[in-house]
1. Order these by the 10 Å Cβ neighbour count, fewest first: Leu174, Leu81, Leu169.
2. On a full-extension model of 0.36 nm per residue, what is the gain between Asn38 and Thr128, subtracting their alpha-carbon distance, rounded to one decimal in nm?
3. Choose one of Val194, Val210, Val223: the residue whose Cα lies farthest towards the positive end of the charge dipole of segment 133-230 (beta-carbon charges +1 Lys, Arg; -1 Asp, Glu; about the Cα centre).
4. Quick one: if the Förster radius is 56 Å, what FRET efficiency do Ser176 and Glu302 give, using the C-beta to C-beta distance and rounding to 0.05?
5. Note the full-extension length gain between Gln93 and Thr72 as 0.36 nm times their separation in residues minus their Cα-Cα distance, in nm to one decimal.
6. If amide H atoms are built 1.01 Å from N in the plane of the peptide, which residues on other chains or at least 5 residues away come under 5 Å of the amide H of Ala171?
7. Given 0.36 nm per residue, what is the gain on full extension from Asp56 to Leu219 after removing their alpha carbon distance, in nm?
8. Can you tally the net charge around Ser216? Count Lys and Arg as +1, Asp and Glu as -1, for every other residue whose Cβ sits under 10 Å from the Cβ of Ser216.
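All of the numbers you see were taken from the coordinates with simple rules; none came from a lab. All values derive from a computational prediction rather than experimental measurement. All Cβ positions, even for glycine, are placed from backbone atoms using ideal geometry, and neighbour counts span all protein chains on display.
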Amino acid sequence: MTHCRATSEILVLVLILALLTPLPVFANKTMFMQATLNSIPTEQGVSAVISGRVFDTTGTPVSNAIISIQVTNPQATSIHLAVAYTATDGTFQDTFVIASNSPGGNYTAYLVADKPGYDTARVTLSFTYSSPDFFLQSSTAAITVRQGDTEKVTLTVLSMRGFNEAVNLTAINLPSGVAIQFSPPSVTPGGGAVATVAVSETATVGNFTVTLLGISGGLIHRVPIQLVIIPGPFPIAIVLVVAFVVVALFAAVFLQKRRQRSWKKAALEELLKASEADKGYVATARVIARLEELRATNQVDEDTYQRLKKEYEKRLEKSK
């Protein structure tokens, strides 16, 4: 009985020790991943192919590994999510398309390989995508136009990376009195247009920057042109108006002087008549006073004034 009790106690102790002893931990194997990305231009955009291989530390292929793939555009927005599995030789492949209207810039592909019993393997791939585009080329960077005249600038539209859409032409930042017309107003890559810059006679003289625009869908390109406006020839209408004003002024001055001469002559004749009508003392004194008044109002010249004054003063002495 004592022996059975001792055996039971030993079994309980062994069970407790077994429960307290941690289970053995088996370490995950190390897994490696190699991957590349190749892009092929197509009519729809770019076809991108991600291919790679997963293997362990001995170089042995790891099959049935799960490959999680995420691709982001230059704005860090996901454009492609996929899952691939490695084949018996450890290889995998994934294909996706970048549309032709996608933004240009750096794209990033994040790859993660997982398989039970292996450590996670990660690879990051990056590549640059350039979407089809166009380029505007101007025949000149600056023009000088006289008020009332026109000048021409040639614009050429060049294709970049297979761009073949029509480009609409327009202009902005035009100063008052300036207009620009394009012929033709729409151009396909490889073609050109003539921009006619018309400056009115009343346009402000100075130095300005106008902008020529090429627009196709969401693509916009600008070409700045320095516009120098210089004074134009004097308009004939203004010349005639100025001439008329000058002639009118001269005529007014001439008539005014003529009227003044008439007034002086009439005043002097009146004075002489008065002096001849009555040669008495009081009348002569009145004539002398009137003579002084005519001199003060510039109605008699100085020589005539002096001559008549001496004459009337002598007459005044005799009449006392």
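1. Values: Leu174 15, Leu81 10, Leu169 22.
Starting with the residue having the fewest Cβ neighbours, the order is Leu81, Leu174, Leu169.
2. 31.3 nm
3. The one lying farthest along the dipole's positive direction is Val223.
4. Working: r = 59 Å, r/R0 = 1.06.
The pair Ser176/Glu302 has a calculated efficiency of 0.40.
5. On the way: separation 21, 0.36 × 21 = 7.56 nm, distance 1.79 nm.
Contour length minus Cα-Cα distance gives 5.8 nm.
6. Distant-sequence amide H within range of Ala171: Leu213.
7. Numbers: separation 163, 0.36 × 163 = 58.68 nm, distance 4.83 nm.
Contour length minus Cα-Cα distance gives 53.8 nm.
8. Numbers: positive: none; negative: Asp133, Glu165.
Residues near Ser216 contribute -2 overall.
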